[in-house]
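The block underneath contains the structure these notes are about, expressed in C-alpha cells.
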Amino acid sequence: MDIWETLYNKAKAEYHPGNVSNFIYAHNVVCAVEAENGDIFTGFCVESSSGVCNLCAERVAALNMYVNSGQTVIKKLIAFRNQPPFGKGSGMPCGACREFLLQLNIKNRDAQILSDYKTRKTVALSTLIPDWWGDSRAND
C-alpha cells in the first residue's frame, strides 16, 4: 500500500454525509494530510446555513494537524467527495484553503496535492497560487 492509498483510506473513513443539526451539514467532502513527520491527520467539511461559518475539509485537516501535534508543514494532501480525485480539477483545494495553507507555513508551497488517484498525478501548491502576495512577508 502506498502513501496515497493510506491517505485515501483514512479520508474515506470520514465520508458519511449527513446533518449535524437543522443548520449544519457535514462529512460530504473529506481530506487527509501527511504532516512533515509522516503523521496523518484527517478533516471533513462543515457547511452551515450561514456561509461564513463553513469550513472546508482541507482547513479542518490542517487545523487538526496543528491542534494535535503543533505541526504546520504538509507533505501530501488528498481531498474528495464520493470518489477519489480523477483529474479535471477534482481534489483541488479552493482559494481560501490554498491561502490558508500558505499562511500556515510557507513551506506548504511544496505540498503535493493529489489530482488523479488512478495515475497518482500530483500538483504542488505553489503552482496553484503562483506569485503569492505574502512571499515577502513570509521570508522576513
Any pair with Cβ under 8 angstrom, 6 or more apart, that starts in segment 110-121 at a residue that is under 21 Å from Arg59 (Cβ atoms) and ends at one that is among the polar types (S, T, N, Q): Asp110/Ser126; Gln112/Thr122; Ile113/Thr122; Leu114/Thr122; Ser115/Ser90; Ser115/Thr122
Number of positions in segment 13-53 that are in contact with a strand residue (DSSP E or B) (Cβ under 7 Å, 6 or more places away or on another chain), without any contact (Cβ under 8 Å) to a residue 24 or more places away in the chain and more than 21 Å from Cys97 (Cα to Cα): 3
Matching residues in segment 42-68 - criterion: being farther than 21 Å from Ser126 by Cβ and in a loop (DSSP other than H, G, I, E, B): Ser49, Ser50, Asn54
Whichever residue in segment 106-132 is small (Gly, Ala, Ser) and buried (at least 18 other Cβ atoms within 10 Å of the Cβ) and, among such residues, is farthest from the chain's Cα centre (by Cα): Ser115
Neighbours by Cβ (under 7 Å, 6+ apart or cross-chain): first from segment 1-12, part of a helix (DSSP H, G or I); second of a type in the set (D, E, K, R): Ile3/Glu34; Ile3/Lys76; Trp4/Arg120; Leu7/Glu34; Leu7/Lys76
Subset of segment 113-133 (residues that are under 19 Å from Leu77 (Cβ atoms), of a type outside the set (Lys, Arg) and in a loop (DSSP other than H, G, I, E, B)): Tyr117, Thr119, Ile129, Pro130, Trp132
Which numbered condition Ser136 fails, given (1) surrounded by fewer than 17 Cβ atoms within 10 Å (Cβ to Cβ); (2) assigned to a loop (DSSP other than H, G, I, E, B): (2)
Those residues of segment 75-93 which are within 17 Å of Cys56 (Cα to Cα) and either surrounded by 14 or more Cβ atoms within 10 Å (Cβ to Cβ) or hydroxyl-bearing (Ser, Thr, Tyr) (or both), in sequence order: Lys76, Leu77, Ile78, Ala79, Phe80, Arg81, Pro84, Pro85, Ser90, Gly91, Met92, Pro93
Sole residue being surrounded by fewer than 19 Cβ atoms within 10 Å (Cβ to Cβ), assigned to a loop (DSSP other than H, G, I, E, B) and within 15 Å of the chain's Cα centre (by Cα), chosen from Gln103, Gln71: Gln71
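Bear in mind these aren't lab numbers, they're just calculated from the coordinates by the rules spelled out. As the structure is a prediction and not an experimental result, all values here were calculated from the model. Cβ: placed from backbone, ideal geometry, glycine included. Neighbour counts: every protein chain shown.
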